[in-house]
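To keep things clear, I will list the structure first and then write my remarks on it.
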Amino acid sequence: MATLQDRLGRSMQDLRISVTDRCNFRCVYCMPKEVFGPSFAFLPRRELLTFEEIARVAKIFAELGVRKIRLTGGEPLVRKDIDTLVQELASIPGIDDLAMTTNGSLLTAERAQKLRSAGLKRVTVSLDSLDDAKFRALNDVGFPVARVLEAIHNAAQAGLTPVKVNMVVKRGANDEDILVMAEHFRGTGHILRFIEYMDVGTANGWRLDDVVQNSKILEQINARWPLEPVAPARPSDVARRFRYTDGAGEIGLIASVSQPFCRDCSRARLSPDGQLFLCLFAQKGYDLRHWLRSGASDDEIEEVVRHIWSGRDVRYSEVRSEKTSGMPKVEMFRIGG
Ligand code: SF4
């Protein structure tokens, strides 16, 4: 059967699975406390896909060409026994990369080892500043930098490598920390990635003025430590890669706002309640849980997904404007970045 492609000729190679909409942080650019406070109704357990259902969906998507799975949330490690799901997903034929994005708060040495033994290949840890006061303000639950650095160490010790570290850069919040962060991770083997602040979801009050363009970040670092470009491993990779010419490692730049990468976007996203989203900035999803729980066969569900993907033509970042940024969009913590 021909490779499944969408209307823009993009195949489906990556599945991002959000296993929970809950998180123990309240990062101001994703889940601001004022909106997602104690009274906010997160998904009740019965609405969440079970691990069996998630694994079934992943098998179907692997049949359709998915090769890489990323587990996300909310914070995926708040979901109990997640290593059981990792084991199931790692055994699916065709899946050759299994990664997780986490805030590191629950990534103890023991847990990192368990995830590695279950089949997880690598982790990406979010860290927006090394300045403890700033970081506590950005995660808005007062979580200390030292504990995240410990989690990064635990991941490396467990072999969940290369460890990638994601820094969302927002003007006036942490843009003064770019060189400090770069210096800290030089020579560690960890890959620091600078992410342009994005108009995800509906609640972060995004303004274009708060975006620090990746080209400026590149300029700043290159002036201090010369960099050279590195070819992407796959055309659909989101980060533009650069390495220090003095051998001190690599950085990544993720420029969804100033240099959109929709042209090769091969990412499908599954929400915790079984909705399929075709873009990080989608307004609506497609309910797969209904099919899973109404007796449909794998082949029938495969046809449904094939139909949905072949009709896909999203390229939000290429058409982003002040007007679109205000439109209602799925919350990032429901589909995991
Ligand atoms: S904006 Fe949407 S289509 Fe473009 S790269 Fe991001 S997820 Fe893909």
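Couple of notes before you dig in:
- Taking every residue in the range 34-53 that is free of Cβ contacts under 8 Å to residues at least 60 places away in the same chain and pairing it with any residue that is open to solvent by 40 Å² or more (accessible area, probe 1.4 Å), at least 6 positions away or on another chain, the pairs with Cβ-Cβ distances below 7 Å are Phe42/Arg22; Phe51/Thr84; Phe51/Glu88.
- Condition check for Asp287: within 17 Å of Glu331 (Cα to Cα), open to solvent by less than 40 Å² (accessible area, probe 1.4 Å) and either β-branched (Val, Ile, Thr) or more than 16 Å from the ligand (Cβ to nearest atom) (or both): no
- Members of the range 227-236 that are farther than 18 Å from Arg186 by Cα and either away from the ligand (no atom under 13 Å from the Cβ) or modelled with pLDDT of 95 or more (or both): Ala231, Pro232, Ala233, Arg234
- Screening Val330 against (1) open to solvent by 40 Å² or more (accessible area, probe 1.4 Å); (2) in contact with a Ser or Thr (Cβ under 9 Å, 6 or more places away or on another chain); (3) within 14 Å of the ligand (Cβ to nearest atom) leaves a single unmet condition, (1).
- One residue from Leu138, Leu149 being touching a residue at least 60 places away in the same chain (Cβ under 8 Å) and assigned to a helix (DSSP H, G or I): Leu138
- Contacts under 9 angstrom Cβ, first residue in the range 251-263 being in a strand (DSSP E or B), partner near the ligand (Cβ under 6 Å from one of its atoms), 6 or more apart: Ile254/Phe261
- Restricting attention to the range 79-101, the residues that are under 20 Å from Ile60 (Cα atoms), open to solvent by 40 Å² or more (accessible area, probe 1.4 Å) and of a type in the set (Asp, Glu) total 2.
- Filtered residue count, the range 182-210, keeping only those that are within 21 Å of Asp237 (Cβ to Cβ) and either aliphatic (A, V, I, L, M) or exposed (fewer than 14 other Cβ atoms within 10 Å of the Cβ) (or both): 7
The rows are residues; the columns are (1) surrounded by fewer than 21 Cβ atoms within 10 Å (Cβ to Cβ); (2) within 21 Å of Leu4 (Cβ to Cβ).
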position: Ala233; (1), (2): yes, no
position: Asp246; (1), (2): yes, no
position: Ala282; (1), (2): yes, yes
position: Ile301; (1), (2): yes, yes
position: Val305; (1), (2): no, yes
position: Ile308; (1), (2): yes, yes
position: Asp313; (1), (2): yes, yes
position: Ser317; (1), (2): no, no
position: Gly326; (1), (2): yes, no
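- Criterion violated by Glu300 - all others in (1) of a type in the set (D, E, K, R); (2) in contact with a Lys or Arg (Cβ under 8 Å, 6 or more places away or on another chain); (3) more than 16 Å from the ligand (Cβ to nearest atom) satisfied: (2)
- Selection from the range 237-284 of residues that are near the ligand (Cβ under 9 Å from one of its atoms) and more than 17 Å from the chain's Cα centre (by Cα): Arg263
- Count of residues meeting criterion [within 25 Å of the chain's Cα centre (by Cα) and farther than 17 Å from Ala58 by Cβ] in the range 291-306: 0
- Wholly enclosed strands (runs of 3 or more DSSP E) of the range 157-236 bearing at least 1 residues of a type in the set (Asp, Glu): 191-196, 227-230
The values are calculated or read from the model by the stated rules, or taken from the named source; none is laboratory data. Since the model is a prediction, treat every value here as computed from it, not as a measurement. Quick reminder, even Gly has a Cβ in these numbers, built from the backbone with ideal geometry, and neighbours come from all protein chains shown. Ligands, DNA and RNA are excluded from the accessible area calculation, which covers all protein heavy atoms including side chains. Shrake-Rupley method; radii C 1.70, N 1.55, O 1.52, S 1.80 Å.
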